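Before any comments, here is the structure.
The values are calculated or read from the model by the stated rules, or taken from the named source; none is laboratory data. These numbers were taken from a predicted model, which means no experiment stands behind them. Every residue, glycine as well, gets a Cβ built from its backbone with ideal geometry; the counts of neighbours run over all protein chains shown. These area figures cover heavy atoms from the full protein model, side chains too; ligands, DNA and RNA do not enter into them. Shrake-Rupley method; radii C 1.70, N 1.55, O 1.52, S 1.80 Å.
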Amino acid sequence: MAEIAGNYFPPEYKQFPFKEGDLLARCRSDGKFAITKILKIDRVFIKKGEAINIQGKSFIAPVDDYLLIVSASYGESEFDSLEQARTAALSGEWHIRFGHVPNRPPGAAAGQRQIGSEPVIEAELEGFHTWKQAFDKGEAGVF
């Protein structure tokens, strides 16, 4: 990663093709489709000398910079086709496996296709709020 002001984090960490409330689907390694809902997209500023934990490794920013953190809920691998996933997403008939996962944009976008959108409700943000409090204290990281 370059040590130029504002360019510590790579460009792919600073953009995300989806928005909050988007319902996404991707084919998993088991051949089944799973649904993801984007809950929150945060622009997080890291000051020079501050650390951030990414995938279990601590990174200390040599300059002031920012990255996006994408919070999402991830569903079970349960659909045989993209169309089945779309129908389930739009009817709300899918099963959540992980209620909140904080991720870097490349990981959150990998293999995903938008299949719908719906508002994020406050109850869906419970895991996000718990994580954010820990993250702000330096006690939680990002995948």
Odd one out for Leu24 among (1) open to solvent by 30 Å² or more (accessible area, probe 1.4 Å); (2) among the aliphatic types (A, V, I, L, M); (3) farther than 27 Å from Glu139 by Cβ: (1)
Boolean, Gly56 is at pLDDT below 95, of a type in the set (Gly, Ala, Ser) and surrounded by fewer than 19 Cβ atoms within 10 Å (Cβ to Cβ): yes
Single residue of the range 90-114 satisfying the filter (assigned to a helix (DSSP H, G or I) and more than 18 Å from the chain's Cα centre (by Cα)) that is farthest from Val44 (Cα to Cα): Ser91
Filtered residue count, the range 65-86, keeping only those that are within 24 Å of Lys132 (Cα to Cα) and either hydroxyl-bearing (Ser, Thr, Tyr) or assigned to a loop (DSSP other than H, G, I, E, B) (or both): 4
Among the candidates Lys37, Lys48, residue that is part of a strand (DSSP E or B) and either modelled with pLDDT of 95 or more or over 17 Å from the mean Cα position of the chain (by Cα) (or both): Lys37
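Being open to solvent by 40 Å² or more (accessible area, probe 1.4 Å) and within 26 Å of Lys132 (Cα to Cα) is true for just one of Pro62, Pro17, Pro10. Which residue is that?
Pro17
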Which numbered condition Asn53 misses (of (1) outside any strand (DSSP E or B); (2) more than 17 Å from Ile121 (Cα to Cα)): (1)
From the options Val70, Val101, residue that is open to solvent by less than 40 Å² (accessible area, probe 1.4 Å) and in contact with a Ser or Thr (Cβ under 8 Å, 6 or more places away or on another chain): Val101
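Okay, residues lined up against (1) under 23 Å from Pro106 (Cβ atoms); (2) free of Cβ contacts under 8 Å to residues at least 40 places away in the same chain; (3) out of contact with any Asp or Glu (no Cβ under 7 Å at 6 or more places or on another chain); (4) basic (Lys, Arg):
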residue: Lys37; (1), (2), (3), (4): yes, no, yes, yes
residue: Ile41; (1), (2), (3), (4): yes, yes, no, no
residue: Ile54; (1), (2), (3), (4): yes, no, yes, no
residue: Ile69; (1), (2), (3), (4): yes, no, no, no
residue: Gly75; (1), (2), (3), (4): yes, no, yes, no
residue: Glu83; (1), (2), (3), (4): no, yes, yes, no
residue: Leu90; (1), (2), (3), (4): no, no, yes, no
Some residue of the range 119-133 being surrounded by fewer than 18 Cβ atoms within 10 Å (Cβ to Cβ), under 17 Å from the mean Cα position of the chain (by Cα), at pLDDT 95 or above and in a strand (DSSP E or B): no
Flag if Trp94 is closer than 26 Å to Pro11 by Cα and either of a type in the set (Phe, Trp, Tyr) or in contact with a Cys (Cβ under 7 Å, 6 or more places away or on another chain) (or both): no
